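Engineer: Shown below is the structure under consideration.
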Amino acid sequence: MFAYPKQAEFNRVVPKTKIYAHARPSKRVKELFVAQVGEILWKYKLSPETINLPPRKGISEIQVFEIALRTPQIDPAVLQAIDKAIPFPLVFQLTHEGQVRFAVSWKRPSEADASKWVIEASFQTVPQPLDADRPPLPVALDLAGLYEQIVRRHIPLSPRSGETLVEQVARYNALTAKQKAQRQLEARLSQEKQFNRKVELNAQLREVSAELALLQHS
């Protein structure tokens with residue numbers, strides 16, 4: 001997604017055992033780690049010392065992890081486990097056979113426990129060539145502002161005029177929930193035999209489609 005500055009390079013391998021110790025993943029998630037994840041490299045460290053931006057809103061550092069995948073896809077539960085284990089904002093570079101996808105979660109310090117972070121939503125781009133040109137980091141006044149701009153670049157939903165990131169994420173979450181409801185209604189409609197019930201389901205589908213159009217409108 002971005003061409004990170006040379007001075008922010010960190011290049012340290014992150015052992016999976018450290019992720020397991022902090023995230024305490026289930027047996028299923030551990031199996032996914034083994035099947036899908038090769039090496040985890042802490043590729044860049046964006047901090048006051050490396051990019052000369054001050055901390056704000058509890059964000060003193062942004063970490064960029066590069067993960068060599070063993071499979072074309074990675075289960076969201078794996079990325080969430082890594083996100084939970086690291087008490088800083090994370091940006092992922094997911095590489096596989098000459099392609100790269102970028103992923104990021106919008107997370108914030110917990111109000112109940114400042115040592116823990118709450119994940120509000122997660123986003124992932126489509127694959128692109130590993131050697132494709134990348135833009136520089138967005139201009140920002142502090143690390144919190146930089147993090148917000150990085151997250152916005154990953155959201156597959158254009159922001160509305162004056163819309164805050166919190167509002168945009170909430171709209172995205174509402175949109176994905178409505179899309180799921182739409183798929184469920186379509187599946188039920190395809191199986192339904194009774195005419196009256198089909199009419200009712202079609203009416204519900206039209207209502208959901210109208211709500212989706214409103215949420216997508218920027």
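Every number here is computed from the coordinates shown, using simple stated rules; none is lab data. This structure is a prediction, so every number in the text was calculated from the model and none was measured. A quick note on method: Cβ atoms are made from the backbone with ideal geometry, for glycine too, and the neighbour counts reach across all protein chains shown.
Engineer: Please compute the length gained on full extension between residue 188 and residue 170, using 0.36 nm multiplied by the number of residues separating them and subtracting their Cα-Cα distance. Write down the numbers at each step before the final one.
Structural biologist: On the way: separation 18, 0.36 × 18 = 6.48 nm, distance 2.72 nm.
The span from residue 188 to residue 170 would gain 3.8 nm if fully extended.
Engineer: On C-alpha positions alone, give me the angle between the axis of helix 165-191 and the longest principal axis of the chain, in degrees, nearest 10.
Structural biologist: On a 0 to 90 degree scale, this one is about 40.
Engineer: Let me ask something else about it. On full extension of the chain, what length is gained from residue 196 through residue 142, given 0.36 nm per residue of separation minus the C-alpha to C-alpha distance? Numbers along the way, then the final one.
Structural biologist: Working: separation 54, 0.36 × 54 = 19.44 nm, distance 5.81 nm.
So the chain would gain 13.6 nm between residue 196 and residue 142.
Engineer: Note down the nm distance, to one decimal, between modelled labels 7 Å out along Cα→Cβ at residue 20 and at residue 212.
Structural biologist: 4.1
Engineer: If you don't mind, another one. Which value at 222 nm does the chain reach when only helices count, each DSSP H run of 4 or more adding -39,500 (n - 2.57), with the total divided by all residues and rounded to the nearest 500 deg cm²/dmol? Walk me through the numbers on the way to the answer.
Structural biologist: Working: 7 runs with 93 residues, N = 218.
When only DSSP H runs of four or more count, the value is -13500 deg cm²/dmol.
Engineer: Choose one answer from 83, 142, 75: the residue with the largest mean-square fluctuation in a GNM of the chain with alpha-carbon springs under 10 Å.
Structural biologist: 75
Engineer: Residue 125 to residue 108: extension gain in nm, 0.36 nm per residue of separation minus the Cα-Cα distance? Present the calculation step by step, with values, prior to reporting the outcome.
Structural biologist: Numbers: separation 17, 0.36 × 17 = 6.12 nm, distance 2.12 nm.
Extra length available between residue 125 and residue 108 comes to 4.0 nm.
Engineer: Sticking with this structure for a sec: With the chain treated as a Gaussian network of Cα nodes joined by springs under 10 Å, which of 64, 199, 139 yields the largest mean-square fluctuation?
Structural biologist: 199
Engineer: Let me ask you something else. What label, among [x] -0.74, -1.06, -1.36; [y] -0.94, -1.10, -1.30; [z] -0.66, -0.94, -1.22, belongs to log10 I(q)/I(0) by the Debye sum over Cα atoms at q = 0.12, 0.15, 0.18 Å⁻¹ computed from the structure on display?
Structural biologist: After the calculation, the listed value that fits is [x].
Engineer: Given an 8 Å cut-off on Cα distances and at least 6 residues of separation, report the relative contact order of the stretch 6-156 as a percent. Don't jump to the answer; show the numbers that get you there.
Structural biologist: Details: 267 pairs, mean separation 31.0, N = 151.
Reported as a whole number, the value is 21 percent.
Engineer: With labels modelled as points extended 7 Å from the Cα through the Cβ direction, what inter-label distance (nm, one decimal) is found for residue 13 paired with residue 133?
Structural biologist: Going from the residue 13 label point to the residue 133 one covers 3.6 nm.
Engineer: By counting other Cβ atoms within 10 Å of each Cβ, how are 147, 172 ranked from fewest to most?
Structural biologist: Details: 147 25, 172 18.
The most exposed by this proxy come first: 172, 147.
Engineer: Mind sorting 45, 6 by how few other Cβ atoms lie within 10 Å of their own Cβ, fewest first? Write out the running numbers ahead of the final one.
Structural biologist: Numbers: 45 20, 6 8.
Ranking 45, 6 by Cβ neighbours within 10 Å, fewest first, gives 6, 45.
Engineer: Here's another thing I want to ask about it. Once both labels are modelled 7 Å past Cα along the beta-carbon direction, what's the residue 97-residue 52 spacing in nm?
Structural biologist: My value for the distance between the label points is 4.3 nm.
Engineer: Another question, if that's okay. Among 26, 47, which comes first, then next, by fewest other beta-carbon atoms within 10 Å?
Structural biologist: Details: 26 11, 47 18.
Lowest to highest Cβ neighbour count: 26, 47.
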